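The values are calculated or read from the model by the stated rules, or taken from the named source; none is laboratory data. These figures come from a predicted structure and were not determined experimentally. Cβ placement follows ideal geometry from the backbone for every residue including glycine, while neighbour counts extend to all protein chains displayed.
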Amino acid sequence: MKTEDLKNLVKSIVEKVTVLKNKHVDDKNTPVNYACIFSQSKEEYEELLEASRKIGKVIQETPTGLLFHIEPLETVSGVLKLLKIRIPDTTRPERGDADFTISNFPEFEKKYVSKSGFKIMRKPDFYMIELIDSDFDVRAYFSNPPLDRQLNI
């Protein structure tokens, strides 16, 4: 995979997730701070890693894939610097996800967590709200604190 194809895929995922977010969330100007490509096969995973290494460096190894700090990539929802390539996973048939920075998280949580499609997911160091809509082949996340802040990027 060429780096240009990788960048276009990432931009496309962020664009789709932005449309998903805007369908369900009133604040249209939330900036993206992280994106993830869900690889669909072992071969694609290796290709995506190879291309990602050309535009960034691995900053975290997780059980579900590698996280890259990439050269700034302009998207419809702002500049992206964090990209994860996810290992193929049957629970993630979608194409990918993006995570948005929410300025007032407690207010956001109170307003949306009880609505259809939204779900809280607690992690050891943070928690996030997941948004899934079957009309979309992507997922949206809202993390507290956002990943860029967790990693001091």
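The set of residues in segment 39-95 that are in a strand (DSSP E or B) and either charged (D, E, K, R) or surrounded by fewer than 13 Cβ atoms within 10 Å (Cβ to Cβ) (or both) comprises LYS57, GLU61, THR62, GLU71, PRO72, GLU74, VAL79, LYS81, LYS84, ARG86. Within segment 128-147, residues that are under 20 Å from GLU15 (Cβ atoms) and in contact (Cβ under 8 Å) with a residue 60 or more places away in the chain sit with their Cβ atoms under 7 Å from residues that are among the basic types (Lys, Arg) and surrounded by fewer than 20 Cβ atoms within 10 Å (Cβ to Cβ), at 6+ positions apart or across chains, in these pairs: ASP133/LYS23; ASP137/ARG95; VAL138/ARG95. Across segment 1-20, the qualifying residues are those that are in contact with a helix residue (DSSP H, G or I) (Cβ under 6 Å, 6 or more places away or on another chain) and surrounded by fewer than 17 Cβ atoms within 10 Å (Cβ to Cβ), and the one among them that is modelled with the lowest pLDDT is MET1.
Mind checking whether some residue in segment 109-125 is modelled with pLDDT under 95, of a type in the set (Lys, Arg) and assigned to a loop (DSSP other than H, G, I, E, B)? The answer is yes, given that some residue of segment 109-125 is modelled with pLDDT under 95, of a type in the set (Lys, Arg) and assigned to a loop (DSSP other than H, G, I, E, B).
Against the criterion of being part of a helix (DSSP H, G or I) and among the acidic types (Asp, Glu), GLU130 does not qualify.
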